[in-house]
Amino acid sequence: MPQGGSAGRPPPSSASQSSSSSLPRFYWLMRARGKERLSNRKLAMVLSEKVSQLMEWASKRSVIRMNGDKFRRLVKAPPRNYSVIVMFTALQPHRQCVVCKQADEEYQILANSWRYSSAFTNKIFFAMVDFDEGSDVFQMLNMNSAPTFINFPAKGKPKRGDTYELQVRGFAAEQLARWVADRTDVNIRVIRPPNYAGPLMLGLLLAVIGGLVYLRGSNLDFLYNKTGWAFAALCFVLAMTSGQMWNHIRGPPYAHKNPHTGQVNYIHGSSQAQFVAETHIVLLFNGGVTLGMVLLHEAATSDMDVGKRKIMCIAGIGLVVLFFSWLLSVFRSKYHGYPYSFLMS
């Protein structure tokens with residue numbers, strides 16, 4: 001006879017063993033999925049609150065002003081399914097950042113164009129962090145210059161191309177819009193407020209010309225004055241060769257002030273860009289060279305006495321040499337490695 005009570009029982013089957021071991025596994029799997037659903041639901045709620053908050057602020061002001069807390073919560077912290085274009089600036093008067101004010105005007109035009117367009121969505125927002133309101137943000141990003149434009153994409157961290165090349169492209173709203181379209185695929189049609197300065201100046205010019213014609217209707221010899229037309233043509237040529245049209249298209253800053261040292265740069269260090277002040281300097285130098293050449297021509301062709309012609313010749317040579325040397329030094333400072341110089345480096 002079999003000994004003990006368990007001797008006659010059959011051994012447990014492998015199927016019953018696998019089913020009993022799969023129960024805890026199924027339990028933990030379902031629990032993990034439940035936690036994942038709950039986490040996703042919380043993230044969706046947080047994202048919805050962030051988007052609603054940004055939309056509310058954007059409805060009141062096209063450019064959302066942010067401090068450190070708002071920046072960390074709405075721009076840096078996930079979740080985020082929207083891009084944020086942030087302008088880091090220093091607009092307080094004691095900062096004396098003229099470029100910041102000029103860039104802010106163009107940035108406001110861009111943001112208003114997007115806010116009041118028919119294509120406005122919550123895909124992209126425009127924000128601003130002023131140094132005096134969010135200096136901790138500047139420290140966090142190791143930022144030491146202003147203004148700076150950075151795109152914080154919906155996914156991932158900003159890449160190299162997400163920092164706008166202000167010194168190269170200028171801060172005109174149209175240039176910023178092209179950069180935004182390249183980084184976010186959002187096309188913004190820039191709409192500028194009406195500017196009546198141009199039509200007013202044209203009307204004033206026409207009024208002056210009409211008045212002169214009316215007052216001197218019997219004597220229009222002034223219209224055939226070669227010196228007057230030559231002077232007008234020379235002014236136009238000097239303006240165009242100094243880069244005025246480039247300034248009109250690109251909208252560069254007047255100058256650049258280093259926020260740490262306070263040093264103001266009037267000449268851009270790259271051959272791919274320039275400042276407005278640099279245009280004025282080049283215009284002045286070209287004008288000096290031109291005046292020197294005119295004096296040399298007059299010294300050689302006029303009927304004045306020999307003493308005056310010698311003075312004009314010496315003055316002309318001095319002007320040409322001095323201003324051409326300065327022009328060449330500006331050229332060398334922009335085209336690094338240029339081997340030639342004249343009188344000064």
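Candidate cross-link partners of Lys101 among the aspartates and glutamates, defined by an alpha-carbon separation under 14 Å and a same-chain spacing of 8 or more, comprise Asp130.
Among the listed pairs Lys257/Lys334; Lys123/Lys157; Lys42/Lys70; Lys76/Lys257, those with a Cα-Cα distance over 27 Å are Lys76/Lys257. Once whole DSSP H runs in the chain are found, which of them have Cα atoms spread over 20 Å or more along the helix axis and a mean Kyte-Doolittle score of at least -0.5? What comes out of the filter, once short or polar helices are dropped, is 197-215, 226-241, 276-301, 306-334. Straight-line cross-link partners of Lys50 among the aspartates and glutamates, defined as a Cα under 18 Å from its Cα and at least 8 positions apart when in the same chain: Asp69. Straight-line reach from Lys155: which aspartates and glutamates fall under 16 Å, measuring Cα to Cα and dropping same-chain residues less than 8 apart? Of all the aspartates and glutamates, those that pass the test against Lys155 - Cα under 16 Å, at least 8 places apart if same chain - are Asp182, Asp185. In a fully extended conformation the segment linking Leu141 and Asn122 would gain 4.3 nm over its present Cα-Cα distance, using 0.36 nm per residue. Shape annotation for the range 59-153: C-alpha extents along the principal axes are 38, 29, 19 Å, from largest to smallest. Cys residues of the chain that find no other Cys beta carbon under 4.7 Å: Cys235, Cys313.
Normalising the average separation of contacting C-alpha pairs (under 8 angstrom, six or more residues apart) by the number of residues puts the relative contact order of the range 76-179 at 42 percent.
Rg/Rh for the chain stands at 1.31; both radii use Cα atoms, and Rh follows the Kirkwood definition. Take every Cα pair under 8 Å whose residues are at least 6 apart in sequence, average their separation, divide by the length of the chain, and the relative contact order is 13 percent.
Values in this text are rule-based calculations from the coordinates and carry no lab data. Please read all numbers here as calculations on a predicted model, not as lab measurements. Here the Cβ is made from the backbone with ideal geometry for all residues, glycine too, and neighbour counts use every protein chain on show.
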